[in-house]
Every structure is written in C-alpha cells, then in structure tokens.
C-alpha cells in the first residue's frame with residue numbers, strides 16, 4: 001500500500017469519546033500492520049462504493065493522533081492527522097454520521113480533498129464497533145455530488161461495516177493462534193532438549209542393573225533404584241517448570257516457585273547424578289552453607305542450570321569432573337545469585353566462545369557421540385536475558401570451561 005501523509009490546516013477538533021483510553025487499547029490489541037491490509041479489504045471497500053453509488057469508499061482506523069486509511073476505492077491511500085478528518089466525528093456516533101455538503105460545513109470546508117480536487121461534497125460513515133463496544137474506525141463513502149442513500153443502501157453499508165469488524169477479529173485470532181503455536185513449538189523443543197540428558201542417565205543406570213542379571217548386591221540395587229527414582233522425580237518437576245505459563249502474579253510466583261540453595265543443590269544432584277554416574281564423571285554441587293536456608297524465586301533458574309550442566313556433561317570425557325557452585329550476594333539494594341558451572345571437558349576456542357556469545361554456536365557431538373541440537377547455550381542466553389542476568393565464560397581447549405552467571409533475584413526470605 002502506497003501511503004502519503006496529508007498536511008493541511010486543522011479543522012474543528014471533535015470531542016474524544018468518553019471511553020477513549022479503552023478504545024485505543026482495544027485498537028492496539030489487534031496488533032495490525034496498517035501497510036498490509038489493503039488486499040484483505042479491497043473487495044469490501046469496492047463493494048461499499050458500488051452499493052452506495054459513490055465515487056469513493058474508504059476504510060479508516062483511528063488511533064490517538066492519526067487516521068489510517070488502510071483500504072479504499074477511488075481515492076489515494078493517505079494518513080491524515082486525526083483532527084483533520086471527517087471520520088473523527090463518525091466514531092462518536094452509535095449508528096452513522098452523514099454530511100450532505102462538506103463544502104458548506106464549517107468543520108470540513110477547508111480540508112484537503114474538499115476545498116480542492118477532487119472536491120468531495122457528500123459523506124456517509126458507519127463506525128466500526130468491536131464486541132467490546134469501541135468504535136476503532138469507520139467505513140465511509142464520499143462523492144463529489146450531493147446524493148441521497150436509500151434505507152436499503154444504508155443497511156447494506158452497515159452490514160459491510162460489521163463484516164469488516166469480523167474480518168479484523170479473525171485476523172487478530174489468527175495472529176494469536178500463530179503466536180501460541182510458535183510458543184508451543186518452542187516449548188516442545190525446550191522440553192526435548194532439557195530432558196534428553198537426564199533421561200539418558202536414567203536409562204543407563206537401568207540397563208546396568210539389567211545387564212548384571214542378579215549379580216548386583218541388594219545394597220547396590222537399592223542405591224541405584226533410589227537414584228533412578230529421585231532423578232525421575234526431579235525430571236518431572238523440570239518438565240512442569242518448562243510447561244508452566246510464563247506469566248504469574250508476582251506474589252503467587254514467589255510462593256510457588258520458591259527455592260533455597262539447599263533444595264537447589266538437592267534437585268540438581270537428583271537430576272544429574274545418574275547421567276554423571278553412567279558416564280563415569282565426578283559430579284558435585286557446592287553451596288554457601290551459611291545462606292542455605294534463604295528462599296528466592298527459582299523461575300527459569302532450573303532451566304538455565306540444566307542446560308549448562310547438560311552441556312558440561314556432554315563435553316566432558318569419562319573420569320572427568322563437573323561441578324556447580326551456588327552462592328548469594330546480599331545487600332540492602334543488591335541481591336544476586338551467583339552460579340558457576342565448571343568442567344574438565346574438551347573446552348572452547350576463543351572463536352567458539354565469541355560465536356557462543358553472539359548466539360551463533362553450532363550443534364556439535366559430545367565426547368561419546370551424544371547428539372546436540374545447537375540450542376543449549378542459545379536457550380541459556382535467552383533465559384538469562386529475561387532475568388536481566390549476565391554470564392562470563394572462560395575456556396581453554398583440552399582443559400575445560402567455566403560459566404559464571406550473576407542473576408538479580410529481588411526479594412529473599414528465610415525458609416521456615
């Protein structure tokens with residue numbers, strides 16, 4: 001759609017609707033691209049002109065400052081200051097707004113297109129009313145001659161206005177469905193990525209019991225079974241966290257998503273000990289014991305650490321080490337969670353670190369051929385950004401990597 005902005009002397013300013021603020025929010029909720037609606041409504045505006053027998057038909061949407069002509073027939077597509085429009089009066093009406101001769105009306109006679117070519121005279125507009133009762137724009141017809149619309153033609157124009165609103169609502173619904181579908185696909189990818197490593201560890205421990213065919217001692221069977229059970233429970237909790245809605249009331253989120261350093265350590269150990277044991281990697285989680293009973297919001301924290309630890313285990317060979325250190329920095333105005341994930345794995349080159357920090361790290365295989373999806377570190381960056389956190393990376397090829405995160409955690413409290 002080719003658009004121009006119409007500059008002209010201001011007309012008499014119409015009053016704003018009493019519900020102007022909610023009207024604007026209703027219009028904004030449609031999230032419309034005004035430059036991409038012409039084809040969608042071209043047939044309806046052409047039909048409106050033919051029904052009315054007028055030279056011009058326009059579909060206008062009106063925000064706080066501007067009238068946006070998004071589709072039309074017989075007149076150039078223009079953006080007009082709201083105060084220089086006729087339709088600003090139409091959105092004040094419940095039924096319609098009609099002006100027999102614009103050139104004789106003090107409010108409109110000096111407007112472009114009326115005082116000069118094509119010198120419109122007749123105007124008839126129908127407000128576009130949403131289900132919430134807000135007039136977000138108008139369907140109008142204009143002509144250079146004074147005309148009289150029959151009752152049947154008026155009814156047909158009102159029907160076309162309702163059809164336009166239906167299509168706008170449909171476009172809104174399609175956009176929401178697409179957004180939800182995109183989010184659903186992203187959630188599926190996150191679940192698949194985040195749970196793959198822990199599941200592999202559980203399967204490995206189960207296979208070990210099966211392969212020994214009764215040769216394991218009762219104590220070993222019990223210990224391995226308990227490890228499998230705890231890891232499975234933590235894995236289920238992780239999946240629930242990924243699948244839960246992103247937005248929760250702050251107070252509710254604090255209560256439902258509270259965690260302490262101690263419980264954070266326990267959850268990580270339960271989740272990753274089977275995987276580390278299966279790969280013969282030493283795995284440990286260390287915390288500041290003096291602050292172990294302080295509760296803070298865990299939203300997204302588990303997903304961040306799970307991805308970092310999964311990558312560490314993936315790129316650390318057997319007999320290597322992976323460790324997690326958790327600590328809190330508390331002051332009156334600065335409460336920060338420090339997370340450090342270290343490994344003795346294959347490490348990263350300076351070029352790989354640079355690519356990772358730019359979100360360009362490719363998918364690679366682990367030390368035992370574990371599949372990678374190229375998502376782990378990208379997810380960490382996205383999640384960390386949502387929490388206003390920072391990450392420092394130190395790595396040496398052949399010696400291992402260290403990921404140090406600093407995440408503001410807001411209000412904290414003591415457990416119990």
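Value of Rg to Rh for the range 24-135, rounded to two decimals, is 0.94; Kirkwood radius and Rg both from alpha-carbon coordinates. In plain terms, the residue of 122, 65 with the fewest other Cβ atoms within 10 Å comes first and the most crowded comes last, giving 65, 122. Projecting label points 7 angstrom from Cα along Cα→Cβ for residue 40 and residue 185 puts them 2.0 nm apart.
Which FRET efficiency value, to the nearest 0.05, is calculated for residue 19 and residue 148 with the Förster distance at 22 angstrom and r the Cβ-Cβ distance? Intermediate results must be reported in sequence, preceding the final value.
Working: r = 32 Å, r/R0 = 1.47.
E between residue 19 and residue 148, to the nearest 0.05, is 0.10.
Extending 7 Å from Cα along the Cβ direction at residue 83 and again at residue 385 yields two label points whose distance is 4.0 nm. Sorted fewest first by neighbouring Cβ atoms within 10 angstrom, 39, 279 come out as 39, 279. Residue separation of residue 393 and residue 292 scaled by 0.36 nm, minus their Cα-Cα distance, works out to 33.8 nm of gained length. Exposure proxy ranking for 120, 356, based on other Cβ atoms within 10 angstrom of each Cβ and starting from the fewest, stands as 356, 120. If R₀ is 45 angstrom, what is the calculated FRET efficiency for the pair residue 175 and residue 319, using the beta carbon separation as r and rounding to 0.05? It comes to 0.30.
Take 338-345, 299-306 and order them by the average number of nearby Cβ atoms within 10 Å per residue, most first; the result is 299-306, 338-345.
Just so you know, all these numbers are worked out from the coordinates, no wet-lab data involved. These numbers come from a predicted model, not from an experiment. Neighbour counts are summed over all protein chains in view; Cβ atoms, including those assigned to glycine, are modelled from backbone coordinates with ideal geometry.
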